[in-house]
């Protein structure tokens with residue numbers, strides 16, 4: 001089993017960007033924890049981060065023939081990108097949306113996700129654990145579907 005992990009805009013700043021909201025883990029630490037959890041489950045990951053919406057869309061299109069699912073933290077694109085929503089829907093793959101913070105506990109403009117309606121699940125508000133719970137949920141979903 002192979003899963004794509006996509007980190008959206010500004011996530012390279014994790015660890016120093018608003019740690020009171022996003023925690024102190026760096027993106028490298030998150031990726032290492034994901035890789036370790038995936039290895040324990042016999043799963044391979046293809047991990048990608050970009051601040052560019054177009055690069056994320058190109059990655060998703062290119063990776064789709066090689067993966068069975070997508071774990072994504074779309075960052076600010078969550079609330080704004082019809083293109084990302086359409087791309088995820090067009091993949092025909094299960095998607096799990098994750099967020100380090102809880103968007104519903106933040107500013108009103110963050111309360112709407114364009115990704116959630118095309119995802120099989122969303123995990124938010126648990127910091128690094130959101131990614132690990134999302135990965136575990138996606139693996140379980142994929143195992144049930146095969």
Residue 116: passes all of (1) at pLDDT below 95; (2) surrounded by fewer than 19 Cβ atoms within 10 Å (Cβ to Cβ); (3) closer than 26 Å to residue 17 by Cα; (4) out of contact with any strand residue (DSSP E or B) (no Cβ under 7 Å at 6 or more places or on another chain) but (4)
Note on region 66-101: residues assigned to a loop (DSSP other than H, G, I, E, B) and under 21 Å from residue 135 (Cβ atoms) are 66, 67, 68, 74, 92, 93, 94, 100, 101
Residue 37: passes all of (1) assigned to a helix (DSSP H, G or I); (2) within 13 Å of the chain's Cα centre (by Cα); (3) buried (at least 16 other Cβ atoms within 10 Å of the Cβ) but (2)
Of the residues in region 56-65 that are part of a helix (DSSP H, G or I) and touching a helix residue (DSSP H, G or I) at 6+ places or on another chain (Cβ under 8 Å), the one that is surrounded by the most Cβ atoms within 10 Å (Cβ to Cβ) is 56
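Looking at region 12-24, is at least one residue surrounded by 16 or more Cβ atoms within 10 Å (Cβ to Cβ) and out of contact with any helix residue (DSSP H, G or I) (no Cβ under 6 Å at 6 or more places or on another chain)? Step through it out loud before you land on a result.
Initially, region 12-24 is screened for residues surrounded by 16 or more Cβ atoms within 10 Å (Cβ to Cβ), giving 14, 22-23.
Within this subset, residues satisfying the condition of being out of contact with any helix residue (DSSP H, G or I) (no Cβ under 6 Å at 6 or more places or on another chain) are 22-23.
Yes, region 12-24 has at least one match.
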In region 12-40, anything touching a residue at least 24 places away in the same chain (Cβ under 8 Å) and within 16 Å of residue 129 (Cβ to Cβ) is listed as 14, 21, 22, 23, 25, 29, 30, 31, 33, 34, 37, 38
Going through (1) in a loop (DSSP other than H, G, I, E, B); (2) in contact with a strand residue (DSSP E or B) (Cβ under 7 Å, 6 or more places away or on another chain); (3) in contact (Cβ under 8 Å) with a residue 40 or more places away in the chain one by one, residue 3 fails only at (1)
Of the conditions (1) at pLDDT 95 or above; (2) crowded, with 19+ Cβ neighbours inside 10 Å; (3) under 12 Å from the mean Cα position of the chain (by Cα), the single one that residue 8 does not satisfy is (1)
Going residue by residue through region 48-55, is there one that turns out to be in contact with a strand residue (DSSP E or B) (Cβ under 6 Å, 6 or more places away or on another chain), at pLDDT 95 or above, closer than 25 Å to residue 103 by Cβ and not in a loop (DSSP other than H, G, I, E, B)? yes
task = Would you be able to say whether some residue in region 66-77 is touching a residue at least 40 places away in the same chain (Cβ under 8 Å), surrounded by 14 or more Cβ atoms within 10 Å (Cβ to Cβ), more than 25 Å from residue 118 (Cα to Cα) and in contact with a strand residue (DSSP E or B) (Cβ under 9 Å, 6 or more places away or on another chain)?
result = no
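The values are calculated or read from the model by the stated rules, or taken from the named source; none is laboratory data. Every value quoted in this text rests on a predicted model; they were computed, and no experiment measured them. FYI the Cβ positions are ideal-geometry reconstructions off the backbone, even for glycines, and counts take in every protein chain you see.
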